[in-house]
Amino acid sequence: MPSSLLFAINNEGRVYGLSTTGTRWREFVYLGLEFKHLSAVPHFMWAVGGDRQIYVHVHGLDIPIRIKEESYENERWLPVEGFSSRLLPTDRYHYSSQDGTRDRSFDKVTLPSMAWQWEGEWHRETTLDGQPLDHDGWTYAVDFPATFHAKKQWKSCVRRRKWIRYRRYVAMNSWCAVAPLHKDPTQEPFIDVAIGGQNIPGGNPGTLLVWAITAHGRVMFRTGVSTTAPEGLRWQVMNVPQGCEVNQISVGATGLVWAVLWNGRALVRTGVTRDSPTGEAWIEVLPPDESLKLIQVSVGTNAVWAVTQDHRVWFRKGIRGEGSGMNEELARGSGWVEMVGNMSLVSVAANDQVWAVGSEDRCLYFRTSVLPSELTGKKWRAIQAPTQLSRTSSNASLWSVRHRESLSGTPRQQRVRSWTSLPRNSSSGDAPGPLKDWEAFGETSRSAPTPTSLRLWQKSTDGTSATSSKANCSEESITESNSTSQQDVRGDEESNSAHGSSGAINSISAIQEHTEDGVKLHSKIGPDGIKKNPTVWSPVRSAGSMVGMEAHPESDRSVFDPDTSGDSGVFGEDDDANGEMFWAEFDIVWCTVAAGAVLIDPTCPPNWFIENPLSGDAELTRPWRVQILQELQRRDKHLIGFENYEKAIEMSSWVKTGDARCILKDSLNHLEDCVLELEWVGSNKGSLDSGTLTILSPERTQTKVQFSLSEITCIVCCSEPSHPRIAIHTPSLTNQTSCVKLQFTGDTEMEDWMANLTSVCCQMNNVHGSPNPASMWCTTALGDVFVFDPTVFESSQMKGEFYEQETDLAGTSAPYEVSLHNGFPPGTVMTVIGAPHDDVERFAINLQCLSLTKNKPDKNANDVALHFNPRFKDNAIVRNSMAAGCWGEEETEGPLLLKPGVEFTITIECETDGYKILIDNKIFTYFEHRQKPHNVTHVYIYGEVTVTKVIYKSKMVIVPPVEMFWRQMGGHLRRVETCAVGVTWGIGYDNTAWVYTGGWGGSFLKGLETSSTGINPMADTHCFYVYENQRWNPLTGYTSHGLPTDRYMWSDVTGRHKRTREKTKLLSMHWQWVTEWTVDFHTPGGVDKEGWQYAMDFPATYHAQKHFTDYVRRRRWVRKCRLTTSGPWQELGNTKLVDVSLHVNNPSELDSPVSVWAVAANGDVVFRRGVSQSCPTGTAWEHVPSDQPLASISCGPDNQVWAVGRNGSAYWRFGITDFKPTGEVWETVEPPSGKTLKQISVGKCGIWILDSQGQLSVRREVIPAFPEGTHWQTLPTSPNDAANQDRASSVVVPATSTGFRCISAGAVNGEVWAVTASGIVSRRHGVTAENPAGTGWIHGVGGNWQHVSARGYNTKFQTNT
């Protein structure tokens, strides 16, 4: 799980954070403000300060909060003036919103509060639906409203263009005060605040719910709060039943709200849904007993915990957060259950983990073993972590006294006690509430003992108090209306001058460097020599006002300095020069804990609980360990003297058998019962020499198929729900069928066979551990990760200075065809050994090139680079070539050196200018190039000749795609990207980023051949979708009874396959449901309030609102499941990514920096700093602004960075240099006409794009002087592109499969790989700098691949030693 924070407040009002990946508490920088209460969700905190006002804190975001403001400039054509800003009275505003209903003049679009700052000025958007517009950006239509087009027509009477401007939230990593309810903040102070609702069912992503309580007992709801609007809009009064006064409130992750009354009872808010975030009504819940009073409550997802006045802890059973908005019983629960232990406060996390503050010792405790099946857990466990103390804390001097006393005794002995058998306080008398407890326990410091503190209200330069000036965004309450139960509390719209407000705050800043383990703070020294700290935002400059006030760089430079806002430090320094921060094992007195932002795995808790860890030496000297070592030493003495004896057993074999069902080549996808027999033979040294896999009949009387383990190229899982299967690919079987499929009775048996087969095949191919940096990575549609290491071929092919491939053709007859997988560039040699027939007339050896226009690769369908044709009747050897179906001029010089029936050796060497031909090792002739030799794909031999052997020599490793051995690496990812130095990143289905650790294995190998280090737990989530379809009936309205020709009423997205919620099953036992079936309100195209989409008929384009002609409708149901596995991957932070690209400019340099560009889930671009081979995770993200949200990105050689927007347009980054790796600006590149782009890949020879229809295009004439190129060349896609495949592989491609799933262009010349729509990995042949589009595809294994990365793939390498 990613790093998350547990927050707590001590008795001095200081805020601390404890990271799940750390082991010590870190104090938030103290700036003179203490805090009373705290509530948190990931990256957002709301707190009640010592002045009883509300503060918000945003922290830990790698991507800044940026909002795009839009304004449409409208004009109408007038007969005399032409297009003019003078509009008709019935027209929309000159500057309006997109629908024209709101005035959006530039001067009326203001910042919502002082916490925001503009990024640049207003500028025009120059694209429309992915297509670039002219420089003015105008689009034209017949009238308002209508569909606008880029081209002006004779009937275009109106036009408009869009202006955009971004605003950024700049109060990052600092406390920002929310405007008070009244001009006088003391008139109605706050006593509690709670934030939650981040997982409200069906809610919009980023939705947050904030509730608060005032000292008058009023309940307030903050409207408009989200991850993009942290401070919200305004306070709204929520009426409570007559006579009820609330003193504490809690909000769960699903929006469930519980509140505690002063009389000890509780209120529950019902009807909290995505459409009604404030709920509908309150219901009362009694305490556990009449004599008890509730003083505090905390809400999770499916759990509610409470504390009574005698500090007893209670659990509320029957809570279900996801259904609480629709079912009152699920919101209020069914009863109280008492827990062991006395606590003063409890806090429940979003995953129902529980933390508490002890009532007697005021220490923090964690509830262990809280699982979905056992929400009450088992026992309390104290958190043991050192605490960061500052010299400003009164605890510092107290610690020094205790530290001296502890030198003569054992520390922490008096506090630690077992909470499994704590005595329960039986007193039923009234106990002080949380507020009284705080005041009695925590004595806060009101002074500023060091220069690092900051007073909230300081005197301005003219000597007057800043608090005497009018607040520019204060809010005063209004009288409640009798007709409604909810009212807005609006504030005054008064503003101060820039000069009057500039003295309200003294800016104190720091620069932080984010890392995955915490925050590294770099001090920034001001002109006065005082170290600067992050800014506190006082109510004078508060957030959330109705009017807002723009910040001016001249007067507000201290507030909006980028170094003091966006990158401010969160925590104090570990050890500064003045010694103001230090670490201590101190029994700190805690008053509040907030668990809303922390997320831990209960089965693998963080390292917070180790009290007295044993040293390594002490562990090695344990008596039992010493005894075992002594026994082994005594046994080894008996073996001395036997070393030179001959081994009794030189070879050993192992056999594994089992039952299964198989699909073979002759079964037509029919499952047959069979018996599997896996046998492998090894030497006494532990190496594996050979092995076979045999498929027998159930009676074991007939062998259905048998093949050597060395022939297996890929073992991949192809399971379906309730049908665990694996597919075994071998080159010898692909002549008839794609693979052999084996189905097992259960997941355990299938995984056992897959682990054993993978292990022995890896031993046969001698591949273990981390792959070579020049390897290629792939992922399957099921999320399995595979890698191909070209060193598998290198050791067997390296002969002298060439890599050699020998093809034995003995026993076969003409015609012969042998693929030349590296082409025939200069430096390549081919030798043909054979003999003419006794009655020979002629035969020919053709070096052929694939044709893009023909359907069959025969001798007449392809261009021929060299035609070597001995003609015995004519007593001559003819040399020629064919281009575009036309033969060139024949060359016949030289004698006929071949004789019928006599063996010959013909050698063809490719040189820069032509082919040198040798016969029986003697130079015969020289044939100049008429075509580029790089386009040669295979040699074709026909006629009266018998060929026994073809030897192909190349300067690169020869890799036949169909013979590539794919090794499963472990883990579960949607896509993987790598680079030339081996740094590899992955992205899960939940958009979590992962970095390869260098290991191999995980849960899929069952402990076989697994790396000892680098294997980490992994989790991923996936959503299942089912569509409910209905047709309109004149009598009954919309009904589930459709026409006979209609699709299934419960189906998948295509409607061709029946899908029901009840029959949707998980893929394997490692998947678990985490939610129930719910209506998906985020279906593309929009939905109505019930989740329906409407259309005229099936299938059609669906829309959210019902029209008169809509006769069908559908809605999507969603259910989320979670996978738990392990693999050689390390999770990278909290930033969710949809695409990532890596490139290294100088791979030969030691620890060369790696450029990492990524697209976040919201479409923003980020650049990773500090990535190298020694630090593959990097150090920090840097945001790269863009006007359009992006969907795909790719970086490559020559500082090229290209991207694809969500609107389907293409962009390239201008101004990238070594000194400015993020570049300057995005430039728009027009996509191919009528194409909506989906993915982009930048390679050495060109830029490749994949559109939404699965068609590929390549950018032509990309040169350093013109890096954006000139035009796109679209490649044709035939129904069966396997016509251009390698005939030696003969992979069967379904005729209905067209297009491609993925494209990857490598950093080496000629390396372009793709995944076809049918899941076959394929290599583009003939790619050169002069012809970046290549000539054809050579197909490999069809392993249902989903993504391929050839970014680091390189066959021009030397084996690492």
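The values are calculated or read from the model by the stated rules, or taken from the named source; none is laboratory data. Given the structure is predicted, the values throughout are model-derived calculations rather than measurements. As a convention, Cβ positions derive from the backbone with ideal geometry for all residues, glycine included, and neighbour counts pool all protein chains shown. The protein model used for the area step is the full one, side chains on, heavy atoms only, and it has no ligands, DNA or RNA in it. Shrake-Rupley method; radii C 1.70, N 1.55, O 1.52, S 1.80 Å.
Worth a mention:
- Taking the criterion of being open to solvent by 10 Å² or more (accessible area, probe 1.4 Å) and either free of Cβ contacts under 8 Å to residues at least 40 places away in the same chain or touching a helix residue (DSSP H, G or I) at 6+ places or on another chain (Cβ under 7 Å) (or both), the residues of the stretch 245-266 that qualify are E245, Q248, N263, R265.
- Members of the stretch 894-933 that are over 18 Å from F824 (Cβ atoms), out of contact with any Ser or Thr (no Cβ under 7 Å at 6 or more places or on another chain) and open to solvent by 40 Å² or more (accessible area, probe 1.4 Å): P895, L897, K899, P900, G901, V902, E903, K922, I923
- If only residues of the stretch 1179-1219 that are in contact with a Cys (Cβ under 9 Å, 6 or more places away or on another chain) and of a type in the set (V, I, T) are counted, the one that is farthest from N1134 (Cα to Cα) is I1216.
- The one condition in (1) in contact (Cβ under 8 Å) with a residue 12 or more places away in the chain; (2) open to solvent by 10 Å² or more (accessible area, probe 1.4 Å); (3) at negative phi that L364 fails to fulfil: (2)
For every residue, the table says whether it meets (1) surrounded by fewer than 24 Cβ atoms within 10 Å (Cβ to Cβ); (2) more than 20 Å from G596 (Cβ to Cβ).
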{"position": "A306", "(1), (2)": "no, no"}
{"position": "A350", "(1), (2)": "yes, no"}
{"position": "S369", "(1), (2)": "yes, yes"}
{"position": "E374", "(1), (2)": "yes, yes"}
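- V237 vs. criteria open to solvent by less than 10 Å² (accessible area, probe 1.4 Å), assigned to a strand (DSSP E or B) and under 30 Å from R66 (Cα atoms): yes
- If the condition is being in a loop (DSSP other than H, G, I, E, B) and over 36 Å from the mean Cα position of the chain (by Cα), then the stretch 314-363 contributes G333, S334, S359, E360, D361, R362, C363.
- Within the stretch 1200-1231, the set of residues being touching a Pro at 6+ places or on another chain (Cβ under 8 Å) and not hydrophobic (A, V, I, L, M, F, W, C) comprises Q1200, G1205, R1206, G1208, S1209, T1228, E1230.
- Filter result (assigned to a strand (DSSP E or B) and either charged (D, E, K, R) or under 21 Å from F1004 (Cα atoms) (or both)) within the stretch 703-732: K704, C714, I715, V716, C717, E720, H723, R725, I726, A727, I728, H729
- Just one residue in the set V193, V178 is closer than 21 Å to G49 by Cα, aliphatic (A, V, I, L, M), open to solvent by less than 10 Å² (accessible area, probe 1.4 Å) and in contact with a helix residue (DSSP H, G or I) (Cβ under 9 Å, 6 or more places away or on another chain); that residue is V178.
- Among strands (runs of 3 or more DSSP E) entirely within the stretch 19-60, having at least 2 residues that are within 18 Å of P185 (Cα to Cα) singles out 35-41, 44-49, 54-58.
- Comparison of R269, R320 shows that the only residue that is surrounded by fewer than 24 Cβ atoms within 10 Å (Cβ to Cβ), within 26 Å of V593 (Cα to Cα) and of a type in the set (K, R) is R320.
- Inter-residue pairs, beta-carbon under 7 Å, first among the charged types (D, E, K, R) and in the stretch 1206-1227, second not in a loop (DSSP other than H, G, I, E, B), 6+ apart: R1206/L1190; R1206/A1191; R1213/V1201; R1213/W1226; E1224/F1214; E1227/Y1211; E1227/W1212; E1227/F1214
- Counted residues, the stretch 1252-1274 - those being open to solvent by 40 Å² or more (accessible area, probe 1.4 Å), of a type outside the set (V, I, T) and not in a loop (DSSP other than H, G, I, E, B): 4
- Residue list for the stretch 209-225, filter: open to solvent by 10 Å² or more (accessible area, probe 1.4 Å) and either at positive phi or acidic (D, E) (or both): G224
Rundown of residues vs (1) out of contact with any Phe, Trp or Tyr (no Cβ under 6 Å at 6 or more places or on another chain); (2) modelled with pLDDT under 55; (3) buried (at least 24 other Cβ atoms within 10 Å of the Cβ); (4) assigned to a loop (DSSP other than H, G, I, E, B), yes/no style:
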| residue | (1), (2), (3), (4) |
| --- | --- |
| A1283 | yes, yes, no, no |
| D1286 | yes, yes, yes, yes |
| I1303 | no, no, yes, no |
| S1322 | no, no, yes, no |
| V1327 | yes, no, yes, yes |
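- Taking the stretch 100-193 as the region of interest, the strands (runs of 3 or more DSSP E) fully inside it that hold 1 or more residues being under 30 Å from E1227 (Cα atoms) and not acidic (D, E) are 116-124, 139-141, 158-169.
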